[in-house]
Amino acid sequence: MKNIVITGVSTGIGYSSAKRLINHEYRVFGSVRNTEDAEKLQIEFGDNFHPIIFDVVNKNQIEKAAVDVEKIVGNNGIDCLINNSGIAVGGPVLHIDTEVFRKQFEVNVFGVVTVTKLFSKLLGAYKNSSHTGKIIMISSVSGKRSYPFVAPYTASKHALEGLSDSLRRELMIYGIDVILI
């Protein structure tokens with residue numbers, strides 16, 4: 001059975017991805033930010049779903065989740081990390097506080113970096129690993145085109161595109177592919 005970690009499975013793309021993968025016999029470790037969502041999804045998705053509770057901006061929670069996943073998958077590692085969590089904030093650049101940009105980047109860029117780093121060992125990113133996983137980054141058309149009034153979101157998705165291109169080249173030595181959607 002293949003092991004998949006997906007961030008942000010409470011709603012949207014993360015929820016739909018988890019549901020589809022579980023229906024196709026994958027074991028999904030899905031991140032949620034609270035126990036209510038974890039319990040609800042555990043009941044709905046069944047035995048092949050393992051909720052992991054963390055916010056992508058909380059390194060300690062992510063570290064604990066990575067340890068918990070490793071206890072279950074052992075030397076098999078994970079086959080895929082899907083960096084899906086994200087938020088979209090906006091407003092006219094001249095009228096929103098710089099903190100809006102910081103919050104946007106904290107979730108959509110720095111959260112992705114932290115999650116990727118802490119789950120990289122389980123993907124096989126270490127010397128002499130025989131395991132090779134994949135990383136899927138969920139981006140947006142806003143990563144290619146810029147629109148008014150959503151500059152924080154657009155800037156974060158442009159950053160995710162650049163991060164993904166660099167990471168793809170860095171992880172080639174481990175055979176780990178980075179796929180941008």
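The values are calculated or read from the model by the stated rules, or taken from the named source; none is laboratory data. Computed from a predicted model, the values in this text were never measured in an experiment. Note: ideal-geometry Cβ built from the backbone for every residue, glycine included; neighbour counts use all protein chains shown. In case anyone asks, the SASA skips ligands and DNA or RNA and just uses the protein heavy atoms, side chains included. Shrake-Rupley method; radii C 1.70, N 1.55, O 1.52, S 1.80 Å.
List of remarks:
- Residue list for the stretch 57-73, given a label point 7 angstrom along the Cα-to-Cβ vector of K121 and an amide N cut-off under 17 Å: 59-73
- Rolled with a 1.4 Å probe across the full set of protein chains, the surface gives M172 an accessible area near 130 Å².
- Net +/- balance of residues flanking I72 in space, Cβ distance below 15 Å, scoring K and R +1, D and E -1: +1
- 20 Å cut-off, amide nitrogen to a point 7 angstrom out along M1 Cα→Cβ, residues in the stretch 70-94: 70-82
- With a cut-off of 12 Å between beta carbons, the residues surrounding M1 carry a summed charge of -1, where Lys and Arg count +1 and Asp and Glu -1.
- In Å², nearest 10: area of D79 left accessible to a 1.4 Å probe: 40
- Test item: Cα-centred dipole of the stretch 97-181, Lys/Arg +1 and Asp/Glu -1 on Cβ, debye: 200
- The chain: most fluctuating residue of N108, N75, N128 per GNM, C-alpha cutoff 10 Å: N128
- GNM flexibility winner over the chain from H24, H95, H131 (Cα, springs under 10 Å): H95
- Only lysine pairs 8 or more places apart or on separate chains count here, and in the stretch 1-148 those with Cα atoms under 17 Å apart total 14.
- Solvent-accessible area, 1.4 Å probe, carbon plus sulfur percent, for the chain: 53
- Extension gain for the segment L94 to I173, taken as residue separation times 0.36 nm less the Cα-Cα distance, is 24.1 nm to one decimal.
- Ranking S142, I96, S120 by how far each Cα lies toward the positive end of the dipole of the stretch 69-181 (charges on Cβ) leaves S120 at the top.
- Only beta bridges with both residues in the chain are counted; by DSSP, about 0 percent of them are antiparallel.
- Per-residue SASA entry for I72, accessible area with 1.4 Å probe, Å² rounded to 10: 80
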